[in-house]
Amino acid sequence: MTKQASTFQAVLNKRLSRRNFLFSGSALAAASALPGCSKPASPPTGAAKPASLSFTELPQGLDNQLAVAPGYDYEVLIRWGDPLFSDAAEFNPQQQSAKQQAKQFGFNNDFIGFLPLPLGSQNSDHGLLAVNHEYTNPSMMFPGSPSAVGLDREHTDVDIVAHGLSVVEIKQRSNQWQVVKDSRYTRRITPYTPMKFSGAAAASKRLHTAISTDGVHTLGTYGNCAGGVTPWGTVLSGEENTDYMFAGDYSNSEAAESHQRFGMKAEARKSWAQHYARWDMSQQANEPLHMGWIVEIDPYEPDSVPQKHTALGRFKHEGCNVFINSDQRVVAYSGDDQRFEYLYKFVSKQRYQPDNRQANKQLLSEGTLYCAKFSDDGSLSWLPLVQGSGPLTAQNGFKQQSDVSIDTRKAADLLGATPMDRPEDVEVNPVNGRVYVMLTNNDERLDNQTDGVNPRANNTAGQIVELIPPGGDHSADTFSWEMLLLAGRRDEESTNYHPQTSDNGWLACPDNCAFDSQGNLWIATDGAENFGIADGIWCCEVEGENRALTKRFLRTPVGAELCGPYFTPDDKHLFCSIQHPGNSSSFENPSTRWPDFDKKLPPRPSVVVVSKTDGDVIGS
Ligand code: FEO
Ligand code: CA
Ligand code: CA
Ligand code: CA
């Protein structure tokens with residue numbers, strides 16, 4: 001064993017012995033009242049728990065089809081280009097126009113939220129789907145596979161409005177799911193949709209731009225990766241890789257330092273700046289500061305103006321998930337998805353009011369944002385990002401709290417947050433109240449940069465970390481943490497699979513996650529193809545003797561990643577985003593034509609719904 005490997009093993013052993021202690025019962029007993037569960041939570045069960053994940057595992061593999069475990073089936077619910085309104089044209093990729101695309105389902109669906117209809121019900125056969133359209137890939141969208149840079153104006157206009165979100169009403173009739181066309185809830189949100197800033201940075205001079213003379217009103221959202229559904233029935237959408245849309249020299253602008261830290265590049269990576277000054281930083285240097293936020297959207301009120309919550313900070317938000325703490329304050333967790341970036345939580349000032357939806361929609365406007373500092377002894381400190389305290393002074397560029405909101409990464413740098421291996425989905429388990437962090441990978445981490453929570457150099461496979469709030473109090477300044485899973489090939493020494501994990505149960509690059517009502521963890525991956533297997537879904541229990549015993553449930557078609565898994569309240573349907581099928585091939589010669597398999601059509605990013613053929617709950 002090399003020195004590094006033995007250090008690694010020592011840290012791991014320490015974590016594993018803590019785990020044994022924690023699961024001896026005392027910690028489980030503490031996880032009792034969990035008011036934040038938006039799902040009906042099963043009572044915590046302690047050691048004896050029915051084996052809920054008894055389905056037959058799906059073999060590993062990689063081909064041009066979507067595959068689900070035996071006994072399960074899937075329906076394609078909606079595809080890129082499907083008309084959402086009756087006056088929208090049928091999808092024709094040879095004659096796509098911006099006018100049509102703005103009324104059709106967008107590209108590269110990522111996050112999915114299912115919101116039951118009517119509002120307040122737990123219906124599982126009727127509801128709204130809110131779906132993010134994260135980014136586009138012109139070489140898979142347009143005939144001739146044009147590159148993203150240099151795209152002409154007409155194609156650029158299509159490209160722009162293929163971003164944002166879609167809200168659609170769906171219904172299950174005679175065991176078949178359907179999209180309700182022309183529903184009063186149907187909505188496309190694009191980079192042009194009017195929105196407003198909330199929180200400390202709203203009205204800041206730094207947010208004054210050509211499209212916003214008051215720093216309060218703004219237009220649109222894009223780069224929407226993952227997200228979450230709030231207990232009050234709104235959707236949070238994370239603006240992630242928004243730097244890609246911008247180009248132009250910003251080095252002489254007042255925003256130069258902010259842009260540098262955010263990774264803004266002068267060189268074009270998309271065509272938007274070639275056609276519109278809004279995305280040209282040499283002309284409108286403040287515009288990128290309008291991006292990198294969490295956006296709250298109310299799908300039940302189709303005319304409502306989405307809010308960008310500056311109190312949650314500005315970074316490459318993967319997503320955001322909210323939990324109601326025992327004192328009724330809300331706690332929101334969010335990861336900054338880039339190598340060596342940080343994990344954050346926000347604690348609201350005001351309290352959740354079950355019967356006051358309008359007030360709840362302001363909960364994310366005021367509170368305290370914290371960044372995470374992990375220690376190898378298994379503790380985790382949440383460091384408050386508050387102007388005037390510690391190094392967050394005017395001298396360091398933080399004149400007021402709005403500066404902390406806008407330059408969140410820099411503030412967390414100064415506080416000494418732990419640089420992570422790409423924090424993606426961060427979600428609270430509705431049964432045990434612990435927080436699960438998907439860390440996708442970080443192939444740039446060097447040997448001398450490893451630590452307990454990011455223990456591997458050249459980490460290509462990622463890990464899942466479990467955070468434990470003391471006594472279930474999510475507002476606490478100190479948590480403890482456990483390493484749930486070090487992913488990668490099962491025979492790789494640095495992994496820590498359950499001894500009973502099968503040849504099909506190993507996974508790589510955890511990205512999104514979801515919990516069923518029993519608290520089982522469902523893991524979606526982005527990057528398993530680099531390990532020779534299709535991306536997809538694996539699931540495991542998180543307690544008892546089968547803790548972290550992962551099982552393969554679904555495989556995506558070649559080129560696709562799996563995003564946004566989301567359960568209906570009864571756990572009988574699982575919505576999944578199949579993003580970029582056929583990626584890295586071409587419009588004319590795609591590696592798959594899923595889901596249509598029609599020679600005239602390219603592969604299409606689509607939302608599917610998985611159900612058990614006998615109608616029972618998913619995983620049984
Ligand atoms: Fe868009 Fe973090 O994956
Ligand atoms: Ca993601
Ligand atoms: Ca999730
Ligand atoms: Ca991803």
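The values are calculated or read from the model by the stated rules, or taken from the named source; none is laboratory data. Everything quoted here is computed from the prediction, not taken from an experiment. Neighbour counts are summed over all protein chains in view; Cβ atoms, including those assigned to glycine, are modelled from backbone coordinates with ideal geometry. Areas reflect the complete protein model, heavy atoms only, side chains present, ligands, DNA and RNA absent. Shrake-Rupley method; radii C 1.70, N 1.55, O 1.52, S 1.80 Å.
Might you let me know whether segment 232-243 holds any residue that is open to solvent by 10 Å² or more (accessible area, probe 1.4 Å), within 16 Å of ligand 1 (Cβ to nearest atom) and either in contact with a strand residue (DSSP E or B) (Cβ under 7 Å, 6 or more places away or on another chain) or in contact (Cβ under 8 Å) with a residue 24 or more places away in the chain (or both)? The answer is yes, given that some residue of segment 232-243 is open to solvent by 10 Å² or more (accessible area, probe 1.4 Å), within 16 Å of ligand 1 (Cβ to nearest atom) and either in contact with a strand residue (DSSP E or B) (Cβ under 7 Å, 6 or more places away or on another chain) or in contact (Cβ under 8 Å) with a residue 24 or more places away in the chain (or both). Only one of the listed residues (Asp336, Asp298, Asp303) is out of contact with any Leu (no Cβ under 9 Å at 6 or more places or on another chain), under 29 Å from Arg188 (Cβ atoms) and open to solvent by less than 50 Å² (accessible area, probe 1.4 Å). That residue is Asp298.
Residue-wise test of (1) closer than 21 Å to Cys225 by Cα; (2) out of contact with any Pro (no Cβ under 6 Å at 6 or more places or on another chain).
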| site | (1), (2) |
| --- | --- |
| Leu414 | no, no |
| Glu427 | yes, yes |
| Met438 | yes, no |
| Asp447 | no, yes |
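Taken together, the residues in segment 228-248 that are in contact with a His (Cβ under 9 Å, 6 or more places away or on another chain), within 16 Å of ligand 4 (Cβ to nearest atom) and not hydroxyl-bearing (Ser, Thr, Tyr) amount to 4. In this entry, Glu341 passes the filter for residues that are under 30 Å from Ser251 (Cα atoms) and within 16 Å of ligand 4 (Cβ to nearest atom).
For a quick check of your reading: which strands (runs of 3 or more DSSP E) sit entirely within segment 254-351 and have at least 1 residues that are under 23 Å from Ile211 (Cα atoms)? In segment 254-351, the matching strands (runs of 3 or more DSSP E) lie at 294-297, 307-309.
Of all the numbered requirements in (1) out of contact with any Ser or Thr (no Cβ under 7 Å at 6 or more places or on another chain); (2) on the phi < 0 side of the Ramachandran plot; (3) away from ligand 3 (no atom under 16 Å from the Cβ), Ala202 misses one, and that requirement is (1). Please tell me if Cys540 is touching a Ser or Thr at 6+ places or on another chain (Cβ under 8 Å), more than 20 Å from Gly227 (Cα to Cα) and within 16 Å of ligand 3 (Cβ to nearest atom). Spelling it out, Cys540 is indeed touching a Ser or Thr at 6+ places or on another chain (Cβ under 8 Å), more than 20 Å from Gly227 (Cα to Cα) and within 16 Å of ligand 3 (Cβ to nearest atom).
From the list Ser494, Ser475, which one is open to solvent by 10 Å² or more (accessible area, probe 1.4 Å), over 28 Å from Ile533 (Cβ atoms) and either touching a residue at least 24 places away in the same chain (Cβ under 8 Å) or not in a loop (DSSP other than H, G, I, E, B) (or both)? Let's see the steps before the verdict.
Numbers: Ser494 fails: over 28 Å from Ile533 (Cβ atoms).
Criteria check complete, one pass: Ser475.
Scanning segment 120-137 for residues that are out of contact with any strand residue (DSSP E or B) (no Cβ under 9 Å at 6 or more places or on another chain), at negative phi and touching a residue at least 60 places away in the same chain (Cβ under 8 Å) yields one hit, Asn137. Within segment 357-374, being in contact with a strand residue (DSSP E or B) (Cβ under 9 Å, 6 or more places away or on another chain) and without any contact (Cβ under 8 Å) to a residue 12 or more places away in the chain holds for one residue alone: Ala359. Can you confirm whether Arg269 is over 26 Å from Gly106 (Cα atoms), touching a helix residue (DSSP H, G or I) at 6+ places or on another chain (Cβ under 7 Å) and either within 16 Å of ligand 1 (Cβ to nearest atom) or of a type in the set (D, E, K, R) (or both)? Considered against the rule, which asks whether it is over 26 Å from Gly106 (Cα atoms), touching a helix residue (DSSP H, G or I) at 6+ places or on another chain (Cβ under 7 Å) and either within 16 Å of ligand 1 (Cβ to nearest atom) or of a type in the set (D, E, K, R) (or both), Arg269 comes out as no. Could we say that Lys308 is touching a helix residue (DSSP H, G or I) at 6+ places or on another chain (Cβ under 9 Å), of a type in the set (Lys, Arg), within 30 Å of Leu129 (Cβ to Cβ) and within 16 Å of ligand 4 (Cβ to nearest atom) here? In short, no. Within segment 306-327, the set of residues being charged (D, E, K, R), open to solvent by less than 20 Å² (accessible area, probe 1.4 Å) and out of contact with any His (no Cβ under 8 Å at 6 or more places or on another chain) comprises Arg314, Lys316, Glu318.
If you check Phe55, Phe111 for being closer than 25 Å to Ala508 by Cβ, open to solvent by less than 20 Å² (accessible area, probe 1.4 Å) and within 24 Å of the chain's Cα centre (by Cα), only one passes: Phe111.
Answer with yes or no whether Asn504 is open to solvent by 10 Å² or more (accessible area, probe 1.4 Å), touching a Leu at 6+ places or on another chain (Cβ under 8 Å) and either without any contact (Cβ under 8 Å) to a residue 40 or more places away in the chain or closer than 17 Å to Met438 by Cα (or both).
Numbers: open to solvent by 10 Å² or more (accessible area, probe 1.4 Å): yes; touching a Leu at 6+ places or on another chain (Cβ under 8 Å): yes; either without any contact (Cβ under 8 Å) to a residue 40 or more places away in the chain or closer than 17 Å to Met438 by Cα (or both): no.
So Asn504 fails the test.
Pick from segment 569-585 the residues that are under 21 Å from Met140 (Cα atoms), open to solvent by less than 30 Å² (accessible area, probe 1.4 Å) and not β-branched (Val, Ile, Thr): which of them is farthest from ligand 3 (Cβ to nearest atom)? It comes out as Gly582. Has segment 425-432 got at least one residue that is under 18 Å from Phe315 (Cα atoms), more than 16 Å from ligand 2 (Cβ to nearest atom) and crowded, with 24+ Cβ neighbours inside 10 Å? Checked against the condition, which is being under 18 Å from Phe315 (Cα atoms), more than 16 Å from ligand 2 (Cβ to nearest atom) and crowded, with 24+ Cβ neighbours inside 10 Å, segment 425-432 yields no hits at all.
Kindly provide the set of residues from segment 402-424 that are away from ligand 2 (no atom under 16 Å from the Cβ), among the basic types (Lys, Arg) and under 24 Å from Ser480 (Cα atoms), ordered by number.
Arg409 - this is the single residue of segment 402-424 that is away from ligand 2 (no atom under 16 Å from the Cβ), among the basic types (Lys, Arg) and under 24 Å from Ser480 (Cα atoms).
For every residue, the table says whether it meets (1) within 16 Å of ligand 2 (Cβ to nearest atom); (2) surrounded by fewer than 24 Cβ atoms within 10 Å (Cβ to Cβ); (3) of a type in the set (A, V, I, L, M, F, W, C).
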| site | (1), (2), (3) |
| --- | --- |
| Glu529 | yes, yes, no |
| Ala534 | no, no, yes |
| Val558 | no, yes, yes |
| Phe567 | no, yes, yes |
| Asn589 | no, yes, no |
| Asp598 | no, yes, no |
| Pro602 | no, no, no |
| Gly619 | no, yes, no |
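Would you confirm whether or not segment 346-359 contains a residue that is surrounded by 23 or more Cβ atoms within 10 Å (Cβ to Cβ), of a type in the set (Gly, Ala, Ser) and on the phi < 0 side of the Ramachandran plot?
Taking segment 346-359 and keeping what is surrounded by 23 or more Cβ atoms within 10 Å (Cβ to Cβ), we get 346, 348.
After this cut, where a residue has to be of a type in the set (Gly, Ala, Ser) as well, the list is 348.
Then drop every residue that is not on the phi < 0 side of the Ramachandran plot, which leaves 348.
The answer is yes; a qualifying residue exists.
Show me the strands (runs of 3 or more DSSP E) entirely contained within segment 364-465 in which 1 or more residues are more than 16 Å from ligand 4 (Cβ to nearest atom) and on the phi > 0 side of the Ramachandran plot.
Details: elements: 367-374, 379-384, 423-428, 435-439.
Because the criterion is at least 1 residues that are more than 16 Å from ligand 4 (Cβ to nearest atom) and on the phi > 0 side of the Ramachandran plot, the strands (runs of 3 or more DSSP E) in segment 364-465 that meet it are 367-374.
If the condition is being within 12 Å of ligand 4 (Cβ to nearest atom) and either over 22 Å from Val426 (Cβ atoms) or over 16 Å from the mean Cα position of the chain (by Cα) (or both), then segment 557-570 contributes only Ala560.
Asp73 - would you say it is in a strand (DSSP E or B) and either charged (D, E, K, R) or open to solvent by less than 60 Å² (accessible area, probe 1.4 Å) (or both)? It is true that Asp73 is in a strand (DSSP E or B) and either charged (D, E, K, R) or open to solvent by less than 60 Å² (accessible area, probe 1.4 Å) (or both).
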